[in-house]
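Each remark here refers to the structure printed beneath this line.
Bear in mind these aren't lab numbers, they're just calculated from the coordinates by the rules spelled out. Quick caveat, the model's predicted, so the values are computed rather than measured. When we count neighbours, we look across all protein chains shown, and the Cβ atoms used for this are built from the backbone with ideal geometry, even at glycine.
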Amino acid sequence: MPDATTPLPVQTPRDHGGGLDAAIARHGGDRRGWLDLSTGINPTPYPVGPLPHDAWTALPDAGAMEGLLTAARALWQVPDALGIVAAPGASALIARIPALWPALGSGQTGGRAHVPAPTYNEHGASLAAHGWTLTEDQPDLRVIVHPNNPTGTWHGVEMLDAPRMVVDESFCDIAPERSLLPHLPEGDHLVLKSFGKFWGLAGLRLGFAIGPRHLTARLAELIGPWPVSGPGLAIATAALSDQAWAEATRARLARDAARLDG
């Protein structure tokens, strides 16, 4: 079994949204003149206030991390029986999740993963790099993005029928009542959350995994110490605790969507 110092498989770079500098270099203009529709990031981000001096000067404190995880648990109503781990972006978790089940992914036992397409391409690429076979037939693991990126499709509970599930809810904070977290059966299942999308602070790089404590503990080992910066801890704890801002943002996004649809 790989440990926290084991190198992860090298993966081929993939195209993603947000390449605004490359678009400007090719087509001209400046950032003020471009409307970037290649990513699903809230264009009206959470307001970042002044930060304590030691958020910048000291190593991230364990107490600050505990405060962040407490705020995350409250926001997403995480049951006490489940663990939660923070990482420098949901993509950092996606890169490490296949290593949670190394025997299945080694190729020796034919680990089989179902990643319904089209969807966010990091999931399938990370699994393939760890030796998993991507197939719909009798999967050992199913990964669903809920709502899906880029189609916006919401999945039903009938999809939660594989022996292992990863439910990527990076975009689910627009409609938290549709989360599949309360419907996950017992077992080796994970739910991923992203901070950058709904709160509009993608550059902060913060994501979470929720699931059985033995899985979240293993992910913490694979990620290593200080996964979130001091400023990130302070900003995200305040943002996740601000229910009034979240409710107002959901209402604004609904109005904006209706205006665009009309």
* Sticking with the crude label model, points 7 Å out along Cα→Cβ, report the distance from Leu134 to Leu59 in nm, one decimal please. => 3.9
* Looking only at segment 215-240, which residues have a backbone nitrogen under 16 Å from a spot 7 Å from the Cα of Glu186 in the C-beta direction? -> 215
* **Estimated [θ] at 222 nm from DSSP helical runs (n ≥ 4, -39500 (n - 2.57)) normalised by residues in the chain, nearest 500** => -10000 deg cm²/dmol
* Asked: Taking R0 as 22 Å, what's the FRET efficiency between Thr151 and Arg252 from their Cβ-Cβ distance, rounded to 0.05?
  -> 0.45
* Asked: How would you rank Glu221, Glu169, going from fewest to most other Cβ atoms within 10 Å of each one's own Cβ?
  -> Glu221, Glu169
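Among Trp56, Trp199, which comes first, then next, by fewest other beta-carbon atoms within 10 Å?
With the sparsest Cβ surroundings first, the list reads Trp56, Trp199.
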* Structure fact -> Of the candidate values [x] 21.6, 68; [y] 18.2, 58; [z] 18.7, 54, the one computed for Rg and Dmax of the Cα atoms in Å from this structure is [z]
* Points 7 angstrom from Cα along the Cβ direction at Gln77 and Asp21: gap in nanometres? -> 4.2
* Net +/- balance of residues flanking Pro139 in space, Cβ distance below 15 Å, scoring K and R +1, D and E -1 -> -3
* To do: Name the shape class, rounded, prolate or oblate, that the alpha-carbon gyration tensor gives for segment 21-154, where a ≥ b ≥ c are the square roots of its eigenvalues, rounded holds for a/c under 1.5, and otherwise prolate holds if a/b is larger than b/c and oblate otherwise.
  => oblate
* Just for the chain, what percent of DSSP beta bridges are antiparallel, to the closest 5? -> 45
